[in-house]
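First up is the structure itself, then whatever we jot down about it.
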Protein chains: 2
Amino acid sequence: MRHVTDEPNSEADVVVVGAGLAGLTATRELKEAGWSVRLLEARERVGGRLKGYSLGDGKAVDLGGEYYGDKSTMIAETARSVGVSGFDTYDQGERLTYLNGRRYGYTGLFPWRMGPAAIADLGQAVLKIERLARTVPPDGPWNAPNAERLDNQTFWSWMQHNLATGTARAFLTMVTEAAYCASPADLSLMHVLYYANASGGFRYLLEISGGIQRYRFDGGAHSIPQKLAAKLPDEVRLGAVVRRIEQRGDSVVASGPGFSVRARWAVVAVPITLAGRIAYEPALPGYRDQLTQRMPAGAAMKCLAVYDEPFWRSAGLSGQITSTDGPFRVAFDTSPADGSPGVMSAFVTGSAARKLTRLTQTERRTAVLDALARALGPRAGKPRDFVEQNWLDEEFTRGCYHGFAPPGLYTTYGQALRAPIGRIHWAGTETGVHQMGSMGGAVDSGRRVARELFARAAIERKDEPGGEAGEPGAPGGAADPVAGPVNHG
Amino acid sequence: MRHVTDEPNSEADVVVVGAGLAGLTATRELKEAGWSVRLLEARERVGGRLKGYSLGDGKAVDLGGEYYGDKSTMIAETARSVGVSGFDTYDQGERLTYLNGRRYGYTGLFPWRMGPAAIADLGQAVLKIERLARTVPPDGPWNAPNAERLDNQTFWSWMQHNLATGTARAFLTMVTEAAYCASPADLSLMHVLYYANASGGFRYLLEISGGIQRYRFDGGAHSIPQKLAAKLPDEVRLGAVVRRIEQRGDSVVASGPGFSVRARWAVVAVPITLAGRIAYEPALPGYRDQLTQRMPAGAAMKCLAVYDEPFWRSAGLSGQITSTDGPFRVAFDTSPADGSPGVMSAFVTGSAARKLTRLTQTERRTAVLDALARALGPRAGKPRDFVEQNWLDEEFTRGCYHGFAPPGLYTTYGQALRAPIGRIHWAGTETGVHQMGSMGGAVDSGRRVARELFARAAIERKDEPGGEAGEPGAPGGAADPVAGPVNHG
């Protein structure tokens, strides 16, 4: 990997903005088809929302995206292709939940001790969500039957009308904040259903064994983008903060402090809000711009506490702790595969993140460790290491796990998500179909933009005077990457 | 007024970003207290969401903000101070409405011919909204009783449960789109109530005589910022696109292509989304940044058709046309005070704007003129001039009339709206209390930031070694505007 200052001005067939999984996947696909690519990354690291933390001894844990399941076929395939394998998430022993201050130990998906009425209520609601979710097509949620009804209300409103008990409502609010990093009031009911269906189901989204949290990657999910980038040494340019994208005739120029890359096409593979913060020339059409104003990132921080060993396991605890009102909504045992050292990861999401992000770092640490100690015993309050990753503060991410839709968005601006603007194409997990919002969605979107560009190149070659359709996947002009007439609406 | 290139590098007590009413008001207040100010405006004109169009003969009409009422005391006061007077909006004769394709002529607020059930339904709903609105304090809507209930649902959901007839729902959807430039599904119920209460009431918001549309400004509302700017010839700098704001010790530097202004404090007086698109160093805290991701601008275009005379008046028509499904939600007679020439302004808002912005300019013109001709007769289809202002496409506005809150925003991020970040203070109509979202809100916010800075300057002087509290309003350091120790959390 090179730094952008090594070669501040360059030309390529395609310039890709953002070296997360989406940008890396697009770059790999294009390169394999013989195209020249520059992949510009603002930070001094690749991976975007996948980021690692070293535990020493060559071991590392994830400060960002981490889990996958049996239905996560695209990210599993990508991992295999770079030699990253997976292992089972630790899921033995008792789970703990704190519901409005009361503690329940349990196994299975729901804590049955919260009472038969609440359990029955929760059960029927999850079934309803599951059924509704299947009506929302991941390749176009706005095409769902009753799309307006699903998109015009918040998930909070739906819960008000479809849950009878306060306990079940509190539990569902908690798992929503853990899974979506947003409160039920923030979310369009359609987004809840869409993400659930694209992921493999609502219950699947919440489960460990039998769910999307079933596996973790050996060495961490962040090692996948690192290994992808290692195979793209000439393409990836670090430290390249793209501030401007200009379309001029049949070329596009992406530039930022100290660099400029000229290409035939651009792929913007950053979160929706951040795509809106780039200055475009000509300015983006209002319809696309309004989308970027309306799809915020969830609120998430991740706090890791490292211990000599996962001592809670011998006490018969799985390490899974959920809480309706504590400093985190869920915590998991995220120790390496061999169980050494012991690692607890607290997911500070939704309302918990909004609260904690306004505290000092010391206050946050104290709050998280106190809650871990309350659940796992006093040893949990004294880790050998503690690290926090505040995704809200990261200038080039600005929230996690993904950009969500408030009510009224998909049915009105959804069609702007993937529609190219001139020579600019859009990637990123929010534009994915398979597992939108997760790692798989990023891979899916990276493949899609590559296909879009292959198709455009073929059309452009046909349109050239005396031109013929070449091999699909062959770049437009090998000698001069920005040559050749263009004819697009 | 000068262009930023006249003096690309300068220093001042305060740098203000955005020469709309908010920035101009702040600049005026600060200047009157003896402070030095640079007011940086991206465009080659001042006024932001107030913009004029010349009709010849020294007459002009508004392409942006236009109306005010008896409760609009702050904008009226500002207008008086620069010698701009008002006149009554034309409001005689019959109004027309197209409800789901059917045409009704009427006088008063509601078309009584839509049927007694619908009228009664609408009446009780408006009363309920009015009562609820008064519970939402304009200086902190999150402090309303039942704040969560009001903020966690869309206005659409509220309408589903509080209106019995489809006709009344359609009518209320239409007036919501006309008044808020957003669909009921986009809007937090709390935002609907907050804007209504800050404006003077929900019914007041919809009315002409007796409402916020009662008056218009002679020469246009846009002449107010023009006259304010004319009195700030050394402060206003046009063509200054601020892309970066750096805080360094006790100073702040605002810069963009070709210029840099160093000051003690900065005031950012642009719409919330656009404030989020500036690059800050250090990066803004996540809590503030997430606000800027979540408060989009409404969707609005304004189309003006100019005729030799307002011929509809002699036909007994007021010129007010509302429509649930046409290319505009409302149109008004916006002829100059003397009625010459005749001008119709069509407000293409909410769902209408989303539809029209994706058509070609010719298609838009045809759609608007066809609808005007359908209502006012064939003469309306042949104006001597036609002009459209697409606020969605304007790079330095990106929507109108104001930034609105989706559900869950005010109760979670509302407190970030006015909270300064280090040496940066926030203005703009969305941060106003009096008439938030209208011209008055902009004036209110401009005055507030000036007061905030006067107070900080007084504190800093006290904190200086051997310092004393000076006159309120006196700048911190007269000789060197960026000198003096700073002591803020």
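Look at region B:23-41: where a residue is touching a residue at least 40 places away in the same chain (Cβ under 8 Å) and a partner is basic (Lys, Arg) and not in a helix (DSSP H, G or I), sitting 6+ places away or on another chain with Cβ atoms under 9 Å, you get B:Thr27/B:Arg38; B:Arg28/B:Lys231; B:Lys31/B:Lys231; B:Arg38/B:Arg237; B:Leu39/B:Arg237; B:Leu40/B:Arg237; B:Glu41/B:Arg237. Within the span defined as region B:303-319, every residue fails to be surrounded by 21 or more Cβ atoms within 10 Å (Cβ to Cβ), touching a residue at least 60 places away in the same chain (Cβ under 8 Å) and within 14 Å of another protein chain (Cβ to nearest Cβ).
Could you tell me whether any residue of region B:422-430 is within 28 Å of A:Ser183 (Cα to Cα) and among the acidic types (Asp, Glu)? So far as region B:422-430 goes, yes, one or more of its residues are within 28 Å of A:Ser183 (Cα to Cα) and among the acidic types (Asp, Glu). Helices (runs of 4 or more DSSP H) fully within region A:261-330 that include at least 2 residues being assigned by TED's automatic domain parsing to the domain that holds A:Phe454: A:272-276, A:286-293. Do the conditions hold for B:Pro225, that is, is it in contact with a Ser or Thr (Cβ under 8 Å, 6 or more places away or on another chain) and under 28 Å from B:Phe202 (Cα atoms)? Taking the combined requirement at face value, the residue does not satisfy it.
Results for (1) acidic (Asp, Glu); (2) in a loop (DSSP other than H, G, I, E, B); (3) outside the structural domain of A:Glu11 (by TED's automatic domain parsing); (4) within 30 Å of A:Ala266 (Cα to Cα), shown as yes or no for each residue.
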| residue | (1), (2), (3), (4) |
| --- | --- |
| A:Trp35 | no, yes, no, yes |
| A:Gly64 | no, yes, yes, yes |
| A:Arg95 | no, no, yes, no |
| A:Tyr98 | no, no, yes, no |
| A:Arg103 | no, no, yes, no |
| A:Ala120 | no, no, yes, no |
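For region B:247-260, residues that are outside any strand (DSSP E or B) and either among the charged types (D, E, K, R) or modelled with pLDDT of 95 or more (or both) total 3.
Can you pull out every residue in region A:19-42 that is charged (D, E, K, R) and either at pLDDT below 95 or under 19 Å from A:Glu246 (Cβ atoms) (or both)? Residue satisfying the conditions is A:Arg38 alone.
Scanning region B:410-430 for residues that are under 21 Å from B:Val37 (Cα atoms), touching a residue at least 60 places away in the same chain (Cβ under 8 Å) and more than 14 Å from chain A (Cβ to nearest Cβ) yields B:Gly422, B:Arg423, B:Ile424, B:His425, B:Trp426, B:Ala427, B:Gly428, B:Thr429. Can you name every residue in region A:208-222 that is more than 15 Å from A:Thr334 (Cα to Cα) and surrounded by fewer than 20 Cβ atoms within 10 Å (Cβ to Cβ)? Once the filter is applied, which keeps residues that are more than 15 Å from A:Thr334 (Cα to Cα) and surrounded by fewer than 20 Cβ atoms within 10 Å (Cβ to Cβ), region A:208-222 yields only A:Gly210. Out of all the residues in region B:194-217, which are in a helix (DSSP H, G or I) and of a type in the set (Gly, Ala, Ser)? Scanning region B:194-217 gives B:Ala196, B:Ala198, B:Ser199. Within the option set B:Tyr68, B:Tyr90, B:Tyr53, being aromatic (Phe, Trp, Tyr) and farther than 27 Å from B:Gly428 by Cα holds for one residue only, B:Tyr90. Listed by first and then second residue, the pairs with beta-carbon distance under 6 Å, at least 6 apart or on different chains, first residue in region A:328-343 and closer than 10 Å to A:Lys59 by Cα, second of a type in the set (Val, Ile, Thr) and surrounded by fewer than 24 Cβ atoms within 10 Å (Cβ to Cβ), are A:Pro341/A:Val306. Among the numbered conditions (1) within 10 Å of chain A (Cβ to nearest Cβ); (2) surrounded by fewer than 24 Cβ atoms within 10 Å (Cβ to Cβ); (3) touching a Lys or Arg at 6+ places or on another chain (Cβ under 9 Å); (4) not acidic (Asp, Glu), the only one that B:Pro282 does not meet is (3).
Selection of region B:125-159 for residues being β-branched (Val, Ile, Thr), assigned to a loop (DSSP other than H, G, I, E, B) and within 14 Å of another protein chain (Cβ to nearest Cβ) yields an empty set. The set of residues in region A:342-396 that are within 14 Å of chain B (Cβ to nearest Cβ), out of contact with any Leu (no Cβ under 8 Å at 6 or more places or on another chain) and outside any helix (DSSP H, G or I) comprises A:Thr349, A:Gly350, A:Arg358, A:Leu359, A:Thr360, A:Asn390, A:Trp391, A:Leu392, A:Asp393, A:Glu394, A:Glu395.
Just one of the listed residues (B:Val253, B:Val267, B:Val261) is out of contact with any Phe, Trp or Tyr (no Cβ under 7 Å at 6 or more places or on another chain), away from chain A (no Cβ under 14 Å) and within 24 Å of B:Met74 (Cβ to Cβ), namely B:Val267.
Restricted to region A:1-32, and to residues there that are part of a strand (DSSP E or B) and of a type outside the set (Val, Ile, Thr), the residue that is nearest to A:Phe396 (Cα to Cα) is A:His3. The residue that is farthest from the chain's Cα centre (by Cα), counting only those in region A:398-409 that are within 10 Å of chain B (Cβ to nearest Cβ) and outside any strand (DSSP E or B), is A:Gly408. Of all residues in region A:137-152, exactly one satisfies the criterion of being buried (at least 24 other Cβ atoms within 10 Å of the Cβ) and farther than 24 Å from A:Gly200 by Cβ, namely A:Asn152.
Okay, residues lined up against (1) at pLDDT below 95; (2) buried (at least 20 other Cβ atoms within 10 Å of the Cβ); (3) under 30 Å from A:Ala346 (Cβ atoms):
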| position | (1), (2), (3) |
| --- | --- |
| A:His3 | no, no, no |
| A:Glu7 | no, no, no |
| A:Glu11 | no, no, no |
| A:Val17 | no, yes, no |
| A:Glu44 | no, no, yes |
| A:Leu50 | no, yes, yes |
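Taken over region A:182-193, the residue count meeting the criterion of being part of a loop (DSSP other than H, G, I, E, B) and not polar (S, T, N, Q) is 5. Considering region A:174-191, the residues that are more than 13 Å from chain B (Cβ to nearest Cβ) and either surrounded by fewer than 24 Cβ atoms within 10 Å (Cβ to Cβ) or in contact (Cβ under 8 Å) with a residue 60 or more places away in the chain (or both) include one that is farthest from A:Val136 (Cα to Cα), namely A:Met174.
The values are calculated or read from the model by the stated rules, or taken from the named source; none is laboratory data. Just so it is clear, the structure is predicted and the values come from calculations on it, not from any experiment. Heads up, the Cβs are rebuilt from the backbone with ideal geometry, glycines too, and the neighbour counts pull from every protein chain shown.
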